[in-house]
Amino acid sequence: MPEPSQLKRILEAALLASTHPLTLPQLSALFDEFDMPSHEDLARALAELQEDCSGRGVELVEVASGFRYQVRQDVHAFVSRLWAERPTRYTRALLETLSLIAYRQPITRAEIEQIRGVAVSTNIVRTLEEREWIRVVGHRDLPGKPALFGTTRTFLDYFNLKSLDELPPLSEIREIEDLDPQLALDADDAAIAARIAASAQDADIDTDAAADDDAAGEPAGIAPADDGTDLPPDRNADDRARAPSLHDAPLAGDAQEDTPETIA
C-alpha cells in the first residue's frame, strides 16, 4: 500500500482529473490488488484532504455520487465570470414542481396538479428529465397506470446532498409568506416550494417568478398549464455556471435502483 502522503496525492490527482464524483470503490480501483488500501485508509486520506482545503478557494465534499472538488460558495461569484453563458432562468412553476417531487416522492403528475391547482406543463416535466433531476420510478396501480416521479442522484449532487435525509424538515422553513399568494398551496406545500427555490438561488439558478403563467383566482378545477423553460443548447455550459464542480462535464447519471413497475 502507498505511504499515507503518497495515497493523498494519488487521491487528490484522481479527483481533480475526474469529470464526475468518485466513490470509495472507484478510488480503490486505482490500485492493484497487492497495493490496494482499505476503505478505512481511503476515508482517512480523504478526511485529511478535506482538512487541507481549509482556507482555500476549493473544498472536497461528498455528494450522492461520491467525492468531488468544487469551488467554495464565497468565491463562486468571481470564478463564474470565467463563463460568459447566461444562467438558465427557471419559472417558479418548475421549481415548485421539483419541490413537490423531492418531498412527496413518489408522486404522480395528477397529484402535483391537485396540490398546485394548475396543470403541470409537459415542458416542465421534460426539462426536469433532461436535466436528469427526476425520473419515472414506477407506475401507480390506477386506471391508465400514471407514472410515479422521483428525484435522482444528479439532483442530490447538484444541491450538494448525500441523500434525501439531508433535505431540511419543513418545520425549519420560515419563508412561506414570500411565495406568490395566488398559488393554491397549503402551508406544507408552500414550504416545500420555498426550500427548493432558496436552494436554487444558492446554486445561482436565476428564477423568474414573473415568467410563471399560473392562472390567478381559479377557485375550482385545473387552470391552464404552466410554462417551464427549455434547456439551452449547451447544457454543459449551464452546469458550469453553478457552484458545484470544477469540471466542465455534467454530473454522473442516476445510479439508483429501479422500483417495481407497479406501486399500489
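Nothing in this text is a laboratory measurement; each read-out follows from the coordinates by a stated rule. Everything quoted here is computed from the prediction, not taken from an experiment. Every residue, glycine as well, gets a Cβ built from its backbone with ideal geometry; the counts of neighbours run over all protein chains shown.
Annotation: extensible slack from Ser163 through Glu51 equals 38.1 nm (criterion: 0.36 nm per residue apart, minus Cα-Cα distance). With a simple spin-label model that places each label point 7 Å from the Cα along the Cα-to-Cβ direction, the separation between Ser5 and Gln26 comes to 2.9 nm. Note on the stretch 4-82: Rg/Rh from Cα positions, Kirkwood definition for Rh, rounded to two decimals, is 1.01.
Mean silhouette area of the stretch 1-160, derived from the convex hull of its C-alpha atoms and averaged over all directions, reads 12.8 nm².
Cβ-to-Cβ counts within 10 Å put Val75, Val118 in ascending order as Val75, Val118, the fewest first. Backbone geometry of the stretch 142-147 corresponds, through the Karplus equation with coefficients 6.51, -1.76 and 1.60 at θ = phi - 60°, to 3J(HN,Hα) couplings of 9, x, x, 6, x, 6 Hz, x marking Gly and Pro. Model label sites at Arg44 and Arg89, defined 7 Å from Cα along the beta-carbon direction, differ in position by 5.4 nm. Charge tally around Lys8: other residues with Cβ under 12 Å, Lys/Arg +1 each, Asp/Glu -1 each, net -4.
For the pair Ala110 and Asp141 in one chain, pulling the backbone fully straight at 0.36 nm per residue adds 9.8 nm over the alpha carbon distance. A protection proxy built from the mean count of other Cβ atoms within 10 Å ranks the segments 121-133, 147-159, most packed first, as 147-159, 121-133.
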